[in-house]
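Quick note: the coordinates plus some simple rules give every number you see, no bench work behind them. What you see is a predicted model; the values in this text were computed from it and never measured. All Cβ positions, even for glycine, are placed from backbone atoms using ideal geometry, and neighbour counts span all protein chains on display.
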Amino acid sequence: MVSGEAWLIRIVDLCGSSVGEVFVVEHCCESMVRHVGWECGLHADPFACPDALISFDERFVEYGLIIHDGGTSTIGMSFCPWCGTRLPESQRDRWFDELGEPGSEDVPVE
Ligand SMILES: [Zn+2]
Ligand SMILES: [Zn+2]
């Protein structure tokens, strides 16, 4: 059975110096994979597409249910609506606690 998992992968250059870190996420089920990777020929922006349901933030490993109110609102999700699997925990805090250095360009400021 597939379950939602997230791993932190450290990217190193040829000398072995760390140049960054990314999360690699295995989505819980086919439905989630399909919705996270949603592509519509009419709407480049998922928030503009009435058929897009899920927004997924790879930086933070955050799943959100898109609210089509004309803006970019989402509702955080803890469980997959299709298979019921508990989704990986948001890594937002880790970004700022462990990876975020003051002034680092990789960390978005909100
Ligand atoms: Zn699922
Ligand atoms: Zn569309």
Got a sec to turn the phi values of region 63-77 into Karplus ³J(HN,Hα) couplings, 6.51 cos²θ - 1.76 cosθ + 1.60 with θ = phi - 60°, whole Hz, x for Gly and Pro? 9, x, 8, 6, 9, 7, 10, x, x, 10, 7, 9, 10, x, 10
Projected onto the charge dipole of region 5-99 (+1 at Lys/Arg Cβ, -1 at Asp/Glu Cβ, origin at the Cα centre), which of 19, 81, 42 gives the Cα projection farthest towards the positive end? 81
Computed about the Cα centre, the charge dipole of region 5-99 from +1 Lys/Arg and -1 Asp/Glu charges at the Cβ has a magnitude in debye, to the nearest 20, of 100
Inter-label distance, nm, simple model (7 Å from Cα along the C-beta direction), residue 86/residue 57: 2.2
